[in-house]
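Comments concern the structure below.
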Amino acid sequence: MSFLSVTISTLCFWVVCSVINCVLFMLYNCTMDFHQKIVPLSRVEEMKFDKKKKTVLAGGCFDILHYGHLYFIQKARSAGDLLILLLESDAFIQNIKKKKPVHTQQQRAELLAALGYVDYVVLLPLLRKPDEEYEKIVRQINPSIIAYTTGDIQEDHKKKFAQKVHADILLIPYLESFSSSQLITYAPIFRD
């Protein structure tokens, strides 16, 4: 066999493998009931994540899902094999932003779980001792990577947690023009 035919055969093999991988990924995410991806914090400890897979951990409020969120989620997922999102509670949003979220935590979880990039959405309660409880969650999940955006006010804590579990940090650029708060300001939303 000539070098050219071996190269073409190898290239064809990789193309076929890539196509099969894409089809399996789509089938998995289309057939899996997205509600199975939503887990309460109390179940995290019993979950067993494949140690051979690179697990990415990220979190946020994700109220009024927009392109900036999608960009962040896609970049986080592309860095590993499994993406776990920690989803803040309605009470957390109320405390931090001084207003009710547009979508409830369950609605936000369902929107996120329906995305093919997301493997699990962990529902966080309002944490009474955030530093201790976040650290415990990070230790339970034991991610390979902790992802967050530039300008994250919890950056120092996330770096500290990453060091404790020997995880890498993935800093994803924050897209300035996309913010749930801006969307709420510019679009009149009527709700109870």
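Quick note: the coordinates plus some simple rules give every number you see, no bench work behind them. In this text, all values refer to a predicted model and were calculated from it rather than measured experimentally. Every residue, glycine as well, gets a Cβ built from its backbone with ideal geometry; the counts of neighbours run over all protein chains shown.
The residues Ser89, Ser78, when put in order of fewest to most other Cβ atoms within 10 Å, stand as Ser78, Ser89. Going by the alpha-carbon gyration tensor, a ≥ b ≥ c the square roots of its eigenvalues, is the range 35-186 rounded (a/c under 1.5) or, if a/c is not under 1.5, prolate (a/b greater than b/c) versus oblate? Rounded, because the longest to shortest axis ratio a/c is under 1.5.
Rounded to the nearest whole Hz, the Karplus-based 3J(HN,Hα) values (6.51 cos²θ - 1.76 cosθ + 1.60, θ = phi - 60°) of the range 61-70 follow the sequence 8, 6, 8, 6, 3, 9, 4, x, 5, 4, with x at glycine and proline. Scanning residues 5 or more positions from Ile38 or on other chains, those with amide H under 5 Å from its amide H are Val121, with H placed 1.01 Å from N in the peptide plane. A cut-off of 5 Å between modelled amide H atoms, ignoring neighbours fewer than 5 places along the same chain, links Leu170 with Ile146, Ala147, Tyr148. For the cross-link pairs Lys100/Lys158; Lys51/Lys100; Lys53/Lys100; Lys53/Lys98; Lys99/Lys164; Lys54/Lys99, the ones whose C-alpha atoms lie over 31 Å apart are Lys51/Lys100; Lys53/Lys100; Lys53/Lys98; Lys99/Lys164; Lys54/Lys99.
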